[in-house]
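Here is the structure we will look at.
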Amino acid sequence: MTPRTPLRRTVLVGALTLSLSVVGAGAWALDRFVVDHVQVDDVAAYEAAQGVDAVDTSGANGTFTDTSYSSQFCTIDISTVVTGSGDSTVTYYVADVTLTDATALQSAFAENQFGTNIVENTSDIAEDNGAVFAINGDYYGFRDTGIVIRNGVAYRDEGVREGLAFYRDGTVQVYDETATSADELVSDGVWNTLSFGPAIVEDGAIVEGIEDVEVDTNVGNHSIQGDQPRTAVGVIDANHLVFVVVDGRSPGYSEGVTLTKLAGILQDLGANTAYNLDGGGSSTLYFDGEVVNDPLGKGEERGVSDILYIAG
C-alpha cells in the first residue's frame, strides 16, 4: 500500500509555493512598474547629437497678462469654464494656442531621461525646460509599447494603438501605429507623437464607441471610462490647437467628465480633431510659473513621464 503524504506537509508545501509565487509576482510588478529603467540618460544631449532643427523660443521675451502670453512664436490664451452645480459641477481649463512655427511646441521627459517608470511633476519638468506653458503628455513610461517620437527624434517603435502625430508644417493627424514605423514618420516630417487615445473627435464629429476603449490591458492599468479628470488636445487648424484639462473627483468643485462629454467640449471649441491624453491625477495645466488646475483635488501633483510645452 502506498503511504499517504501527511496533510500538514501538503498544506505547508502548497503555502510555500504560493508565497514564492506571490513574492515573485510582486518583484516582477515592482521591476516592471516602479523601478526606473533608463534607456537614454541625457535626452538634451542625445537630441542635440541628432542635429534636431527646431525654432529657439527660449529668448522670446514675450508679454504676459494673467490669462495670456504673446511672442513672435505663439499666442496662448487661458480660460476657465465652470458648468453645472452642486455635485454635478464640472470645472475645466482651456488653452487656446496659435503657433507661428510648429516646432515651438516641444516635448520633455521627466528627469531629462528616457525609459520606463521615470517620473517628475509636470511643473518641475516645465521649469527645468523654461516653459511658459505645459500640459502632461501620454505617460509613455508606464508602458513599453507605442511609437514615441519627440522633438523630431524616434525613441520607440512598437506600434499597437491609435496615435497622434504633430507635423513640422503645423498639421496634426490621428494615425494607426501598426501601419507605419517611427522612421517613416520622422521622414514624413513628424515632430512629435502621442500614444494614448482614443481619438474622440474626427472630421468635426464625436467618435462613436469611445466609452468602450481600453488603452492598455497590462497590470496596473486603470479604466478610462466614467467621470474622470481629463487632458485632451484639439486641432482647429494648422498651427491652431486647443488643450483642455478637466478637474475631477472633487464633488462641489468638479466631478470630471466622460470621454463623450470631453469630446463635446472639444467639438464646441471648434476642434475638427481631438485626442485623449493621460488623465486622472496626471491631468495638469501649467502656465506662467504656476499650476492652473487642481490635479488631485487637494493641491498636489502626480509625477508623470513627459510633458508638451512651449518655452519663452
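See the values below:
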quantity	calculated
Test result for Thr103, within 22 Å of the chain's Cα centre (by Cα), β-branched (Val, Ile, Thr), assigned by TED's automatic domain parsing to the domain that holds Ala238 and outside any strand (DSSP E or B)	yes
Those strands (runs of 3 or more DSSP E) lying entirely in region 124-178 with at least 1 residues of a type in the set (Phe, Trp, Tyr) and assigned by TED's automatic domain parsing to the domain that holds Glu214	131-136, 153-158, 162-167, 172-176
Cβ pairs under 6 Å, 6+ apart, first in region 270-287 and under 15 Å from Gly234 (Cβ atoms), second surrounded by 24 or more Cβ atoms within 10 Å (Cβ to Cβ) and of a type in the set (Asp, Glu)	Leu277/Asp138
Whichever residue in region 276-309 is of a type in the set (Ser, Thr, Tyr) and not in a loop (DSSP other than H, G, I, E, B) and, among such residues, is farthest from Val90 (Cα to Cα)	Tyr309
Output for region 65-81, where each listed residue is out of contact with any strand residue (DSSP E or B) (no Cβ under 8 Å at 6 or more places or on another chain) and surrounded by 11 or more Cβ atoms within 10 Å (Cβ to Cβ)	Gln72
Selected residue (only one of Thr103, Thr122 is under 19 Å from Gln50 (Cβ atoms), among the β-branched types (Val, Ile, Thr), out of contact with any Leu (no Cβ under 6 Å at 6 or more places or on another chain) and touching a residue at least 12 places away in the same chain (Cβ under 8 Å))	Thr103
Residue list for region 283-307, restricted to those being acidic (Asp, Glu) and buried (at least 24 other Cβ atoms within 10 Å of the Cβ)	Asp306
Residue that is at pLDDT 95 or above, surrounded by fewer than 19 Cβ atoms within 10 Å (Cβ to Cβ) and assigned to a loop (DSSP other than H, G, I, E, B), where the choices are Glu208, Glu214	Glu208
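For every residue, the table says whether it meets (1) assigned to a loop (DSSP other than H, G, I, E, B); (2) of a type outside the set (Asp, Glu); (3) at pLDDT 95 or above; (4) in contact with a Pro (Cβ under 6 Å, 6 or more places away or on another chain).
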{"site": "Pro3", "(1), (2), (3), (4)": "yes, yes, no, no"}
{"site": "Leu20", "(1), (2), (3), (4)": "no, yes, no, no"}
{"site": "Asp31", "(1), (2), (3), (4)": "no, no, no, no"}
{"site": "Val38", "(1), (2), (3), (4)": "no, yes, no, no"}
{"site": "Val55", "(1), (2), (3), (4)": "yes, yes, no, no"}
{"site": "Gln72", "(1), (2), (3), (4)": "yes, yes, yes, no"}
{"site": "Asp77", "(1), (2), (3), (4)": "no, no, yes, no"}
{"site": "Ser107", "(1), (2), (3), (4)": "no, yes, yes, no"}
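The values are calculated or read from the model by the stated rules, or taken from the named source; none is laboratory data. Because the structure is a prediction, the values reported are computed rather than measured. Virtual Cβ from ideal backbone geometry, glycine too; neighbours counted across all protein chains shown.
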